[in-house]
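Participant: Input: one structure, supplied below.
The values are calculated or read from the model by the stated rules, or taken from the named source; none is laboratory data. Nothing here was measured: the structure is a model prediction, and the numbers come from that model. Positions of Cβ are backbone-derived with ideal geometry, glycine not excepted, and every protein chain shown enters the neighbour counts.
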Amino acid sequence: MRRPDLIRFARDAAAGNPLRTFLLVLAMAIGVGAVVVLTALGDGARRYVLDEFSSIGSNLVIVLPGRSQTGGFNPANAITSTPRDLTIDDAQALLRASAVHRAAPLAVGTSEISHAGRLREVTVAGTTAEFIEVRRLSLAQGRFLSPGDWRRAAPEAVIGAKIRDEMFGQQPALGQLVRVGDRRVRIVGVLAASGQGLGMNTDELVLVPVALAQTMFNSNTLFRILVEATSREAIEPASAQVGEIIRLRHEGEQDVTIITQDAVLATFDRVLGTLTLAVAGIAAISLAVAGILVMNVMLVSVTQRTSEVGLLKALGASDATIRNAFLCEAAILSVAGALLGFLVGHAGAALIRLFYPAFPAYPPDWAVLAALATALATGTLFGVLPARRAARLDAVLALSRR
Amino acid sequence: MNTAQIELTGIEKLFRLGDSTVLALRDIDLCVAAGEYIAVMGPSGSGKSTLLHILGLLDRPDSGSYHLEGRDVTTLSAVEQARVRSERIGFVFQSFHLVPRLTAAENIALPMILAGIAPAQRAQRVARALRDYGLDNRADHRPDQLSGGQRQRVAIARATIMEPAVILADEPTGNLDRATGEEVMRLLESLNERGVTLIVVTHDGVLGSRARRQLLIEDGMLRADRRRPAEPCAGPT
């Protein structure tokens with residue numbers, strides 16, 4: 001039997017029972033579609049988190065006050081458990097490190113902003129002119145905090161895009177005097193709307209000089225120090241140098257935690273990559289189920305077409321020809337199901353992206369290929385048994401069946 | 001000098017029904033020359049269909065030998081037997097056995113598709129067969145849109161499309177009314193007149209008497225072998 005004839009024969013046989021074919025294709029499509037959509041979700045979550053983390057800056061080393069304990073209880077910790085505060089001086093000292101390009105202190109608290117009778121609760125971040133560079137933010141209007149002495153509490157503020165909209169509406173915001181907590185400050189700039197930013201939404205942030213924030217909150221500690229290394233390769237040395245400088249300044253005690261962005265990114269990448277894989281595995285179970293369904297349906301098909309098999313044998317078909325015809329039919333059904341599932345899955349992922357634009361729900365290529373390959377393999381594999389059963393039918397008995 | 005086309009010697013076939021074994025065919029010796037017209041008759045269950053299946057290589061005898069055109073076909077592999085069925089033997093069944101989802105033309109083409117004949121040649125031969133069997137305007141009809149006589153004509157066209165040497169017909173008129181049956185028999189006989197060996201299994205005495213040679217089978221044994229005109233048959237080689 002020629003190959004095109006074999007394929008046409010199998011196709012016609014599949015088309016001969018539309019309901020059976022439809023159900024089988026549907027089962028396969030659901031399996032493949034589930035893999036595509038679920039991996040799109042998993043991989044989308046991974047990309048979302050990575051994007052969020054990348055958006056807070058690049059080559060970043062973050063210094064947090066306090067030591068995160070990983071070891072057991074240490075009697076020394078019982079005596080000196082209170083970590084020393086991070087101060088502006090600490091932040092300034094970090095600039096001396098060779099691998100450090102920039103550093104920006106960050107003091108955070110909540111306060112109220114009011115202007116012309118409108119009042120709103122906001123997160124106030126005290127920082128310096130370097131912050132905009134370290135965090136890779138951009139301005140929509142005006143300028144950022146003025147550079148210069150970090151200890152100078154200039155009465156100026158830069159506000160997020162959402163704060164601007166809510167406080168001023170259509171009115172110009174630049175140059176306006178507003179009250180933040182108990183201070184009157186002048187708005188010198190507005191940040192461009194960014195939409196996302198892990199933990200802290202810059203659209204709802206009010207940025208003031210760090211010295212001003214510290215007097216406002218009556219404290220001289222810092223929430224974080226953001227350090228930008230000179231290059232990607234310098235992240236590790238920068239982290240070591242920063243640790244050493246802080247240790248020397250804190251009477252030889254390592255009482256800060258230093259996080260590098262790369263390490264965090266790698267961890268998230270690994271964790272969420274594993275999650276995607278696990279989700280894909282769960283979805284693949286539905287493919288195995290679809291494969292078993294292929295077998296079941298093909299077995300029924302063989303039973304229903306027993307007399308046809310007998311006839312084909314009488315007309316000179318060899319066992320191999322009959323086996324190939326049934327295998328080909330199973331493969332065609334699997335391909336059709338896989339392609340339909342591929343389309344359905346991509347449509348589902350597109351729908352998710354439509355409703356959640358910030359969520360990059362794109363199925364990874366490996367998952368799509370694996371799903372298609374698995375669908376084909378299971379469909380054909382589970383087609384082997386029915387095909388062999390058909391080929392082994394006794395011609396005389398098969399012909400006597402009506 | 002006419003050599004034997006079909007030569008059966010000592011053919012036996014056993015069927016096992018539970019504990020007991022039934023001898024469906026016992027010690028059949030038969031010699032058929034090319035172009036003969038034979039009716040195999042006998043009551044139902046006598047083993048005449050089994051004989052036909054063995055002649056058509058659908059069934060293997062438990063003992064004895066079967067030479068087709070000088071070749072011992074009982075010892076052939078399944079693949080080789082399939083090839084012999086494809087090229088040398090045409091079947092016509094009582095219940096037509098058309099593939100319901102295929103059109104008349106596709107049903108006729110089926111043996112050629114299985115044999116791997118090129119589509120162009122297939123189309124040519126199917127067109128000629130449709131013309132020969134008066135099915136020109138039924139080519140695209142599916143079996144359920146055809147009358148009984150038309151269905152059997154399609155089945156005969158299918159049986160002859162590979163130009164076999166032997167046509168085996170199992171009660172070809174069993175599902176047809178008398179007039180249509182007569183028409184189908186004339187069609188089969190015209191094929192025989194062109195040199196094809198025709199072996200018809202029937203329990204209808206009138207139908208059987210049309211053949212030049214009648215075999216009577218009872219209880220798996222060849223009871224009688226009558227010929228109208230004497231036809232020579234070469235002895236065992």
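Participant: Only residues in the stretch B:96-110 that are within 8 Å of chain A (Cβ to nearest Cβ) count as the first member; pair them with residues that are of a type outside the set (A, V, I, L, M) and crowded, with 22+ Cβ neighbours inside 10 Å, Cβ under 6 angstrom, at least 6 apart or cross-chain, and list the lot.
Facilitator: Going by the 6 Å Cβ cut-off, the qualifying pairs are B:V99/A:E308; B:V99/B:N107.
Participant: Additional query: From the set of residues in the stretch A:382-402 that are more than 19 Å from B:I54 (Cα to Cα) and surrounded by fewer than 20 Cβ atoms within 10 Å (Cβ to Cβ), which is nearest to the other protein chains (Cβ to nearest Cβ)?
Facilitator: Per the criteria, the residue is A:R402.
Participant: Scan the stretch A:126-139 for residues that are more than 27 Å from the chain's Cα centre (by Cα) and touching a residue at least 24 places away in the same chain (Cβ under 8 Å) and jot them down.
Facilitator: Matches in the stretch A:126-139: A:G126, A:T127, A:T128, A:E130.
Participant: Could you list, in sequence order, the residues of the stretch B:114-144 that are closer than 17 Å to B:H97 by Cα and touching a Lys or Arg at 6+ places or on another chain (Cβ under 8 Å)?
Facilitator: Once the filter is applied, which keeps residues that are closer than 17 Å to B:H97 by Cα and touching a Lys or Arg at 6+ places or on another chain (Cβ under 8 Å), the stretch B:114-144 yields B:R142, B:P143.
Participant: Within the group A:R388, A:R353, which residue is on the phi < 0 side of the Ramachandran plot, within 19 Å of the chain's Cα centre (by Cα), assigned by TED's automatic domain parsing to the domain that holds A:L23 and part of a helix (DSSP H, G or I)? Show your work before the answer.
Facilitator: Working: A:R388 fails: within 19 Å of the chain's Cα centre (by Cα).
The conditions single out A:R353.
Participant: Related question: Considering only the stretch B:49-95, how many residues are on the phi > 0 side of the Ramachandran plot and more than 10 Å from chain A (Cβ to nearest Cβ)?
Facilitator: Taking the stretch B:49-95 as the starting set, the residues that turn out to be on the phi > 0 side of the Ramachandran plot are B:57, B:64, B:69-70.
Filter again for more than 10 Å from chain A (Cβ to nearest Cβ), leaving B:64, B:69-70.
Looking only at that region, the number is 3.
Participant: Any idea how many residues of the stretch B:141-182 are out of contact with any helix residue (DSSP H, G or I) (no Cβ under 7 Å at 6 or more places or on another chain), within 14 Å of chain A (Cβ to nearest Cβ) and surrounded by fewer than 20 Cβ atoms within 10 Å (Cβ to Cβ)?
Facilitator: The total comes to 4.
Participant: Something else now. Can you find even one residue in the stretch A:159-170 that is polar (S, T, N, Q) and either more than 33 Å from the chain's Cα centre (by Cα) or assigned to a strand (DSSP E or B) (or both)? So that I can check it myself, show each step before the final result.
Facilitator: Initially, the stretch A:159-170 is screened for residues polar (S, T, N, Q), giving A:170.
After this cut, where a residue has to be either more than 33 Å from the chain's Cα centre (by Cα) or assigned to a strand (DSSP E or B) (or both) as well, the list is A:170.
Within the stretch A:159-170, one or more residues are polar (S, T, N, Q) and either more than 33 Å from the chain's Cα centre (by Cα) or assigned to a strand (DSSP E or B) (or both).
Participant: A:P147 fails exactly one of the following numbered conditions: (1) surrounded by 14 or more Cβ atoms within 10 Å (Cβ to Cβ); (2) within 28 Å of A:Q261 (Cα to Cα); (3) of a type outside the set (A, V, I, L, M, F, W, C). What is the number of that condition?
Facilitator: Of the numbered conditions (1) surrounded by 14 or more Cβ atoms within 10 Å (Cβ to Cβ); (2) within 28 Å of A:Q261 (Cα to Cα); (3) of a type outside the set (A, V, I, L, M, F, W, C), the odd one out for A:P147 is (1).
Participant: Mind counting the residues in the stretch B:111-129 that are away from every other protein chain (no Cβ under 14 Å) and within 23 Å of A:A317 (Cα to Cα)?
Facilitator: First pass over the stretch B:111-129, keeping only residues away from every other protein chain (no Cβ under 14 Å): B:124-125, B:127-129.
The next check asks that each one be within 23 Å of A:A317 (Cα to Cα); those that pass are B:124-125, B:127, B:129.
Final tally of qualifying residues: 4.
Participant: Consider A:D51 carefully, then state whether it is surrounded by fewer than 19 Cβ atoms within 10 Å (Cβ to Cβ) and under 15 Å from the mean Cα position of the chain (by Cα).
Facilitator: Details: surrounded by fewer than 19 Cβ atoms within 10 Å (Cβ to Cβ): yes; under 15 Å from the mean Cα position of the chain (by Cα): yes.
The answer is yes for A:D51.
Participant: With respect to the numbered conditions (1) more than 21 Å from B:T173 (Cβ to Cβ); (2) of a type outside the set (A, V, I, L, M); (3) under 18 Å from the mean Cα position of the chain (by Cα), which one is the sole condition not fulfilled by B:P119?
Facilitator: The number of the failed condition is (3).
Participant: Just checking, how many residues over the stretch A:1-46 are in contact (Cβ under 8 Å) with a residue 24 or more places away in the chain, in a helix (DSSP H, G or I) and under 30 Å from B:A82 (Cβ atoms)? Give the steps one after another, and end with the answer.
Facilitator: Let us first name the residues in the stretch A:1-46 that are in contact (Cβ under 8 Å) with a residue 24 or more places away in the chain, namely A:1, A:6-7, A:9-11, A:13-14, A:17, A:20-21, A:23-46.
Applying the additional criterion that residues be in a helix (DSSP H, G or I) yields A:6-7, A:9-11, A:13-14, A:20-21, A:23-46.
Subset that is under 30 Å from B:A82 (Cβ atoms): A:6-7, A:9-11, A:13-14, A:20-21, A:24.
The number of residues fulfilling the criteria is 10.
Participant: Let me ask something additional. Check every one of the helices (runs of 4 or more DSSP H) wholly within the stretch A:220-323 and list those with 3 or more residues that are within 14 Å of chain B (Cβ to nearest Cβ), touching a Lys or Arg at 6+ places or on another chain (Cβ under 9 Å) and closer than 29 Å to B:R101 by Cα. Let's see the steps before the verdict.
Facilitator: On the way: elements: A:235-249, A:261-304, A:306-314.
In the stretch A:220-323, the matching helices (runs of 4 or more DSSP H) lie at A:306-314.
Participant: Could you say whether any residue in the stretch B:21-40 is within 14 Å of chain A (Cβ to nearest Cβ) and out of contact with any strand residue (DSSP E or B) (no Cβ under 6 Å at 6 or more places or on another chain)? If you could, list the steps in order and put the result at the bottom.
Facilitator: Going residue by residue through the stretch B:21-40, those that are within 14 Å of chain A (Cβ to nearest Cβ) are B:24-25.
So of that shortlist, the ones also out of contact with any strand residue (DSSP E or B) (no Cβ under 6 Å at 6 or more places or on another chain) come out as none.
Checked against the condition, which is being within 14 Å of chain A (Cβ to nearest Cβ) and out of contact with any strand residue (DSSP E or B) (no Cβ under 6 Å at 6 or more places or on another chain), the stretch B:21-40 yields no hits at all.
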